[in-house]
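The values are calculated or read from the model by the stated rules, or taken from the named source; none is laboratory data. Keep in mind that this is a model prediction, so the values were computed, not measured. Note that each Cβ is placed from the backbone with ideal geometry, even for glycine, and that neighbours are counted across all protein chains shown. For the accessible areas, the whole protein counts, side chains as well, though only heavy atoms, and no ligand, DNA or RNA atoms are used. Shrake-Rupley method; radii C 1.70, N 1.55, O 1.52, S 1.80 Å.
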Amino acid sequence: MMAPAASTPLAESLAEVRQRLADALSAAGRPATDARLLAVSKTKPASLIRDAWHLGQREFGENYVQEALNKRAELADLDEIVWHFIGPLQSNKTREVAEHFAWVHSVDREKIARRLNDQRPEALPPLEICLQVNISAEPSKSGASLAELPALAEAVLAMPRLRLRGLMAIPAPSEGSDAQREPFARLREALEALQARFPEAPLDTLSMGMTGDLEAAVQEGATLVRVGTAIFGKRHSPR
Ligand SMILES: *Cc1c(COP(=O)(O)O)cnc(C)c1O
């Protein structure tokens, strides 16, 4: 199969985002391999994911279970593709997520973790987990509070079919690099506290930074940035 020509809009936007990430890492004095790009493909068609795959992108983030499963089925022929679930997760959807994703970034309570652990098929490796933190303490938003984190992390670390990799957050939108960096710094400090408390745990992931604030996140130590709009364009269909 032919790769799309280098001049397609997707090729250009993906190259721009890769350059932004490289520049941000370099500005932070970090190695170029220190953070990777998760392409957030929610509401976008499978054909665009396929094009991005041909451009070398391998990790994709989805928010809605049924939509993701449909696309995943359509793209089953793509080798090495890695699916991350990054949306809010209800109990009645945990089985599909446990069976069809490699990563879940949005675990924010023990009950959901327990179900994912119990439902992860034996034939698959453990599910890679990030705990979502409500870092801006917004009343209506998902995510565990910073105070809840140690107990939640301890519970997840005891679950054999889950591998606790780190923390994820979506801060309240803000303008300017100082304001954007502040919540990311708090997330990094929370990860450092967990690393100190659980030195044996594979806690190597800070999932933070999106289209509008990836530079600030990389300054504060993001190891995985989740970018949708800057790669695939604006999302039209409101859900
Ligand atoms: C949609 C979404 C993103 C991508 O946001 P953009 O601003 O489009 O880059 C990242 N993370 C999560 C959890 C999302 O839901």
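Filter the stretch 1-46 for residues that are within 21 Å of residue 82 (Cα to Cα) and modelled with pLDDT under 95; which is surrounded by the fewest Cβ atoms within 10 Å (Cβ to Cβ)?
Step one: list which residues in the stretch 1-46 are within 21 Å of residue 82 (Cα to Cα), which gives 1, 3-4, 10-11, 13-15, 17-18, 21, 32-46.
With modelled with pLDDT under 95 added as a condition, the list becomes 1, 3-4.
Values: 1: 5, 3: 12, 4: 14.
Across the stretch 1-46, the extreme among qualifying residues is 1.
How do the pairs read when you match residues in the stretch 183-194 that are in contact (Cβ under 8 Å) with a residue 12 or more places away in the chain with residues anywhere that are open to solvent by 60 Å² or more (accessible area, probe 1.4 Å) and part of a helix (DSSP H, G or I), using Cβ under 6 Å and keeping only pairs 6 or more apart or on different chains?
Qualifying pairs under 6 Å: 190/146.
If the Cβ limit is 9 Å and pairs must be 6+ apart or interchain, which residue in the stretch 106-122 that is of a type in the set (A, V, I, L, M, F, W, C) pairs with which residue that is part of a loop (DSSP other than H, G, I, E, B)?
Here the result reads 107/89; 112/89; 112/90; 113/159; 116/89; 116/159; 116/161, each pair linking the stretch 106-122 to a residue that is part of a loop (DSSP other than H, G, I, E, B).
Filter the stretch 117-150 down to the residues that are hydroxyl-bearing (Ser, Thr, Tyr) and within 19 Å of residue 90 (Cα to Cα), then identify the one that is modelled with the highest pLDDT. Reasoning before the result, please.
Filtering the stretch 117-150 for residues hydroxyl-bearing (Ser, Thr, Tyr) gives 136, 140, 142, 145.
Next cut, within 19 Å of residue 90 (Cα to Cα) only: 140, 142, 145.
Numbers: 140: 83, 142: 93, 145: 97.
Ranking the candidates gives 145 first.
With the requirement that a residue be part of a helix (DSSP H, G or I), away from the ligand (no atom under 14 Å from the Cβ) and either closer than 29 Å to residue 53 by Cβ or touching a strand residue (DSSP E or B) at 6+ places or on another chain (Cβ under 7 Å) (or both), what does the stretch 184-202 give you? If you could, list the steps in order and put the result at the bottom.
Going residue by residue through the stretch 184-202, those that are part of a helix (DSSP H, G or I) are 184-197.
Next, from what is left, pick out any that are away from the ligand (no atom under 14 Å from the Cβ): 185-186, 188-197.
188, 190, 191, listed by residue number.
May I ask you to list the residues in the stretch 203-227 that are within 12 Å of the ligand (Cβ to nearest atom), among the small types (Gly, Ala, Ser) and open to solvent by 10 Å² or more (accessible area, probe 1.4 Å)?
212
Residue 82: of a type outside the set (Ser, Thr, Tyr), within 16 Å of the ligand (Cβ to nearest atom), under 27 Å from residue 157 (Cα atoms) and in contact (Cβ under 8 Å) with a residue 40 or more places away in the chain, yes or no? Break it down into steps so the answer makes sense when it comes.
Details: of a type outside the set (Ser, Thr, Tyr): yes; within 16 Å of the ligand (Cβ to nearest atom): yes; under 27 Å from residue 157 (Cα atoms): yes; in contact (Cβ under 8 Å) with a residue 40 or more places away in the chain: no.
Here the answer is no, as residue 82 does not meet what is asked.
Condition check ((1) of a type in the set (Asp, Glu); (2) closer than 20 Å to residue 27 by Cα) across all residues:
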position	(1), (2)
189	yes, no
193	no, no
207	no, yes
212	no, yes
219	no, yes
225	no, yes
228	no, no
232	no, no
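Would you point out which residue out of 153, 158 is open to solvent by 20 Å² or more (accessible area, probe 1.4 Å) and either more than 14 Å from the chain's Cα centre (by Cα) or modelled with pLDDT under 95 (or both)?
Details: 153 fails: open to solvent by 20 Å² or more (accessible area, probe 1.4 Å).
Exactly one residue qualifies, and that residue is 158.
Looking at 172, 230, which is the one that is part of a helix (DSSP H, G or I), within 15 Å of the ligand (Cβ to nearest atom), open to solvent by less than 70 Å² (accessible area, probe 1.4 Å) and not hydroxyl-bearing (Ser, Thr, Tyr)? I'd like the intermediate steps shown before the answer.
Numbers: 172 fails: part of a helix (DSSP H, G or I).
The conditions single out 230.
I'm checking my understanding of the structure. Among residues of the stretch 89-98 that are out of contact with any Lys or Arg (no Cβ under 7 Å at 6 or more places or on another chain) and surrounded by 15 or more Cβ atoms within 10 Å (Cβ to Cβ), which one is nearest to residue 144 (Cα to Cα)? Please lay out each step first, then the result.
So the first thing to find is which residues in the stretch 89-98 are out of contact with any Lys or Arg (no Cβ under 7 Å at 6 or more places or on another chain), and the list is 89-90, 92-93, 95-97.
Narrowing further to those that are surrounded by 15 or more Cβ atoms within 10 Å (Cβ to Cβ): 89, 93, 95-97.
On the way: 89: 13, 93: 19, 95: 21, 96: 22, 97: 20 Å.
In this case the residue turns out to be 89.
Tell me, which residue of the stretch 56-77 that is more than 21 Å from residue 18 (Cα to Cα) and outside any helix (DSSP H, G or I) is nearest to the ligand (Cβ to nearest atom)? Write out each step before concluding.
Filtering the stretch 56-77 for residues more than 21 Å from residue 18 (Cα to Cα) gives 63-77.
Restricting the remaining residues to those that are outside any helix (DSSP H, G or I) gives 63-64, 75-77.
Working: 63: 5, 64: 10, 75: 19, 76: 24, 77: 26 Å.
By that ranking, first place goes to 63.
Is it true that residue 52 is assigned to a helix (DSSP H, G or I) and crowded, with 19+ Cβ neighbours inside 10 Å?
Numbers: assigned to a helix (DSSP H, G or I): yes; crowded, with 19+ Cβ neighbours inside 10 Å: yes.
Taking the combined requirement at face value, the residue satisfies it.
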